[in-house]
Each structure stands twice: as structure tokens, then as C-alpha cells.
Amino acid sequence: MVPVFGMPRKNLVQAKSAKIIVGTASWSDPGFVQHWYPKGISAHERLGWYAQYFEMVEVNSTFYSVPDLRMVERWCAVTPDGFTFDVKLHQLFSFHSTAAKLLPPDLQQRAQTDEKGKVTLTPDLEEAMLDIFLRSMSILRSAGKLGVLLLQLSPAFSPRVHKLEELEHLIGMLGDYRLAIEFRNRNWVIGNQLRSTIDFLKQRKVAFVSVDAPSAEHFTIMPSNLDEITNPQLAYL
């Protein structure tokens, strides 16, 4: 997957400062490790090598755990000025089934769980988790290297059982950040639902993530013919 973010195409001619930034999803993809990085390069050296060829990266590891502050400091140290990190929000925020062990230690004891050990998301837990998550992001932000926070929703987040308003709490808490939302259930963007979804994002200036995917009707595969701009300052592909 190659994420791209920048100005909407229809605005590129009008805005001289428009910029398209290209990068990949993760710098530690197994294919990269096997075929692209120099033989013998250590895991700690990969990001610095990657940053010689790309201007941005979409961080996937943050979907599974909150990065240690010292780790984020290293990310900043080994990348040049102007490098951009788009950061995927933790799976707790995106309606994925989340095991308590994937939370920071301080929250594991506080979280309510079901009989399978899966976390029950509450507003208080969401706020506490976001506070910890944004501490790490503050390092990237201070360095001028934080791009977009990416909310990659679970396919289970469906209009048949959920409402877009369930995202309001998180969107409100991230009002000072650039946020992009990737839907993984196509029912949000087909038929009469499409306009409601796009209008919801436009009103909140949240970027709709466009996905270039093979054509298929499976509910987890998004239509690739969508070219919706919901934040006039940002497009994310």
C-alpha cells in the first residue's frame, strides 16, 4: 500500500504551495526487508535508509501499541527535516475487538473486559488512552514531523449496526489535529448512504481516505471510483 496525502487534485492548479507527498505503509514490510534494504542492515537502521528515498511514511505499529517516547525520539533523530509521519490510531479507537494486553500497562487494570478478555470501550477509557497516545505524538508534532492521524475503522463498523455520530467523541478530542478516516465497510459509501457519510466528514473537516482497490462487491472492499474531498486542505489516498 502506498499512502499519498496532499492537496486535492482540483485545487492543485490554484494553490502554488500544494504538495503531493508519497510514502508506504510501514518501513518494515517483509518485502522491503527481503528485497530492498541492504543485506545486513539492522532494524534500527531501516528508517534512516527509507527516509533517503521517501518523504513520508504511514506508521502501522501504532495500531497495536502506543510507541515508547524514546522510540518516537529516535524516529525524529534518524529522519531529515521535513520528513512526515502519518500515524495510524490505535485499534481501540476504530471499533476493532481489542485485547486488554494491547493497552498501556496503566490502563490494562482499569479497562472493563468481557468474558473473552476484550475491552469494552467507554468515553473515559477513550479519553485516557488518547491522552497517552498523544504524548508520543507531541514529540513528532514539536519536531514538525506529524502529518495525519489515520483512523482505520473495522469492517464491523457498519451502518446497519452503528451510526457516524459514534465517532463524534474522538473527532472532537482531535480537533487540533489533522484526521483522516478510512472506512473498511463499503456500505458507508454506496447508495443513499454515500452523501450522508461525505457530508458528515465535510462538516467536521475530516479527510475521507480514498482507496484504490481491485473491483469487487465484497463488503470489505471499497469502491475505487470515489474521488471525494471532505477537507479542502488535505486529500489522502
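The values are calculated or read from the model by the stated rules, or taken from the named source; none is laboratory data. Quick caveat, the model's predicted, so the values are computed rather than measured. Glycine gets a Cβ as well: all are built from the backbone with ideal geometry, and neighbour counts include every protein chain shown. When the accessible area is computed, the model is the full protein with side chains, heavy atoms only, and any ligands, DNA or RNA have been set aside. Shrake-Rupley method; radii C 1.70, N 1.55, O 1.52, S 1.80 Å.
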Karplus-derived 3J(HN,Hα), 6.51/-1.76/1.60, for each residue of segment 88-101, Hz, glycine and proline x: 6, 5, 4, 4, 4, 7, 10, 6, 7, 5, 10, 6, 4, 5
Let me check the size of segment 164-237 from its C-alpha atoms; what are the radius of gyration and Dmax in Å? 12.2, 36
Using Cα-Cα distances under 8 Å and only pairs 6 or more residues apart, what relative contact order does segment 87-237 have, in percent? 19 percent
Residues whose modelled amide H sits under 5 Å from the amide H of LEU226, counting only those 5 or more places away in sequence or on another chain, are none
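Could you do me a favour and compute the accessible area per residue for the chain, 1.4 Å probe, result in Å²? The partial results should precede the final answer.
Details: 12570 Å² over 237 residues.
Averaged over the residues of the chain, the accessible area is 53 Å².
Could you tell me what a quarter of the Cα convex hull surface of segment 48-172 works out to, in nm² with one decimal place? Each step should come with its number before you reach the end.
Working: hull surface 34.2 nm².
Its Cα hull, projected and averaged over all orientations, spans 8.6 nm².
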From the backbone phi of segment 142-150, what are the Karplus-calculated ³J(HN,Hα) couplings (6.51 cos²θ - 1.76 cosθ + 1.60, θ = phi - 60°) in whole Hz, Gly and Pro given as x? 5, 7, x, 10, 8, x, 10, 8, 9
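Cβ neighbours within 10 Å, averaged per peptide: list 37-44, 152-159, 116-123 in order, most packed at the top.
Working: 37-44: 9.2, 152-159: 17.8, 116-123: 13.5.
Top of the packing list down: 152-159, 116-123, 37-44.
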Segment 123-184 and segment 88-104: distance between their alpha carbon centers, rounded to Å: 11 Å
Once phi is turned into ³J(HN,Hα) by the Karplus curve 6.51 cos²θ - 1.76 cosθ + 1.60 with θ = phi - 60°, what whole-Hz value does each residue of segment 194-206 show in order, with x for glycine and proline? 4, 5, 5, 5, 5, 5, 4, 5, 4, 4, 9, 6, 9
Order of 23-30, 76-83 by packing, highest average Cβ count within 10 Å first? 23-30, 76-83
Out of residues 5 or more away from ASN231 or on other chains, whose amide H comes under 5 Å of its own, with H placed 1.01 Å from N in the peptide plane? PHE208
Residues with amide H under 5 Å from that of LEU146, placed H, sequence gap 5 or more: PHE85, ARG141
When the accessible area of the chain is computed with all protein chains present and a 1.4 Å probe, what percentage of it is carbon and sulfur? 50 percent
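Could you pull out the pairs from LYS163/LYS205; LYS19/LYS145; LYS163/LYS202; LYS88/LYS205; LYS88/LYS116 whose alpha carbons sit more than 20 Å apart here? Intermediate values should be presented prior to the final figure.
Working: LYS163/LYS205 18 Å; LYS19/LYS145 15 Å; LYS163/LYS202 16 Å; LYS88/LYS205 18 Å; LYS88/LYS116 25 Å.
In this structure, LYS88/LYS116 lie more than 20 Å apart at Cα.
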